[in-house]
Amino acid sequence: MLFERPSDDILYDALLARDAAYEGFAWVAVKTTGIFCRLTCPARKPKRENTIFYETIAGCLEAGFRPCYRCRPMLKFGETDPVVTKLLAALEDEPLRRWNEDDVVSLGLDPSTARRAFKRQFGMSFLEIARLRRMGKAAETLQQGASVIDAQLDAGFESDSGFRSAIARLFGTAPAGMRDKTLLKADWLETPIGPMLAVADQHCLHLLEFAERRALPAEIRKLQTCTGSGIVMGRHAPIDQIEMELKTYFAGEDLGFSTRLAGHGSPFQRRVWEALRAIPVGTVRTYGSVAAELALPSSTRAIAGANGANQIAIVIPCHRVMGADGSLTGYGGGLWRKRWLLEHERRMAGNVMGDLVRQR
């Protein structure tokens, strides 16, 4: 019993009391701010439901949290080792820098000595910690509504593969309390007009959105709430299926989409979405014409609202709906993408007509 980790309730009481007896046994991460602190941090205390306790600093960093500037948990923990102290101070000054061994040498330190010192203190090397700091910053930037490429560049990633693992924080981690819950899986799909995020269970697709959509974090939270499920990075079969169908679509072949979709939305919204799916490739409708087809001529604004609530981009083709004056109007993935998709589909429809003429 003496070696068991204190319960979260005990740790939260220690946090409120700023009890130094628990210093070094655990660190507190605050979900609403994205930071982690020592239990003796003098900052205003978070609510219990907004706290997560980790046994190691590495665990805090791996979950995407950044160290508190007030209590400096990493500097405090490593202050007995001058090598650790010097490197952590440098990291605090430049948290977004892409650190490498040459940078360590430029500070007058031996990389091997620094590696051993950090492994001893934190269980990971300085370069690993520096990378996790950049990843955490990238997740924070994206959650604030920045574009994927902006967040990627802010974090110092030259490629998007490492960056995307950082924003797994959007989904949170799967705590022990979720062991009995269904887990949705999410993965990135490459397209000619930018990455898309697909979320699915074993049977159907729940979400397909462009990664730059400002509402994406809110949509993910909404999905978690309405399904009662956690979301982890990985793949279920519907993601593989929609990936293949999207490749065919972007290659210019109009074979449609047969991936099963989850039945989210109100009955009215689902009715509108079915009407959108009935719009042929290469053609467009206005909100008013969709309302008329549904025998709801006075529901133009409600049609537009349902259009905006769509979380399955391209497959439910809300991009095929225009304003009454022929303007592109809003599109969550960006008007430039809407224009690109319509032009792509115009060419796609033209190719189909050409094939029919040649067959005659």
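Descriptive notes on the structure:
- Residues C318, C60 arranged by fewest to most Cβ contacts within 10 Å: C318, C60
- Amide H contacts for M322 (H built 1.01 Å from N in the peptide plane; partners 5 or more residues away or on another chain; cut-off under 5 Å): R285, T286, Y287.
- Long pairs among K86/K119; K31/K222; K247/K338; K31/K86, criterion Cα-Cα beyond 20 Å: K31/K86
A short reminder: the numbers here are calculations on the coordinates, not readings from a lab. Keep in mind that this is a model prediction, so the values were computed, not measured. Reconstructed Cβ throughout: ideal geometry from the backbone, glycine too, with neighbour counts over all protein chains shown.
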